[in-house]
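Chemist: Sharing a structure here in structure tokens format.
The values are calculated or read from the model by the stated rules, or taken from the named source; none is laboratory data. Not measured: the values here are computed from a predicted model. Heads up: the accessible areas ignore ligands, DNA and RNA and are worked out on the full protein's heavy atoms, side chains in. Shrake-Rupley method; radii C 1.70, N 1.55, O 1.52, S 1.80 Å.
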Amino acid sequence: MLGLFSLPKILFTIAVIVAVWYGFKWFNRRSQVQQHRADEVGRGAASAAKAPDVEEMVLCPDCGAYVAKGGGHRCT
Ligand SMILES: [Zn+2]
């Protein structure tokens, strides 16, 4: 029985298990960092994309309607 699981094989198996374990840890940390970065980028993009949506409304002096500042408003 011991001959089937000789010391080099056991050591090799342990080495493979440890390598896979550390590989998983490294992969998880890497994906977490990437997720964190993606969240930050997404947040930045969301706030950057949100800014153009909010347009300042100004009172048209001619017709008294609130229109988007800089928008092509023409009194009818
Ligand atoms: Zn107007």
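Chemist: Take the chain, connect every pair of alpha-carbon atoms lying under 10 Å apart with a spring to form a Gaussian network, then pick out the residue of GLY23, GLY42, GLY64 with the largest mean-square fluctuation.
Modeler: Judging by the Gaussian network model, the answer is GLY64.
Chemist: Rounded to the nearest whole Å², what accessible area per residue is found for the stretch 7-68 with the 1.4 Å probe? All intermediate terms of the calculation are to be shown ahead of the outcome.
Modeler: Details: 5550 Å² over 62 residues.
I get 89 Å² per residue for the stretch 7-68.
Chemist: Here's a follow-up. Please report, as a whole percent, how much of the solvent-accessible surface of the chain comes from carbon and sulfur atoms (probe radius 1.4 Å). The partial results should precede the final answer.
Modeler: Numbers: 4570 of 7030 Å².
Reported share for carbon and sulfur atoms: 65 percent.
Chemist: Moving to a separate point now. If contacts are Cα pairs under 8 angstrom and at least 6 residues apart, what is the relative contact order of the chain in percent? Walk me through the numbers on the way to the answer.
Modeler: Working: 20 pairs, mean separation 9.8, N = 76.
With pairs under 8 Å counted, the relative contact order is 13 percent.
Chemist: Against the longest alpha carbon principal axis of the chain, how many degrees, from 0 to 90 and to the nearest 10, is the axis of helix 7-53 turned?
Modeler: The angle comes out near 0 degrees.
Chemist: While we're here: Amide H of CYS60 versus every other amide H placed in the peptide plane: which residues, excluding those fewer than 5 positions away on the same chain, fall under 5 Å?
Modeler: Those lying under 5 Å, H to H, from CYS60 are ALA65, TYR66, VAL67.
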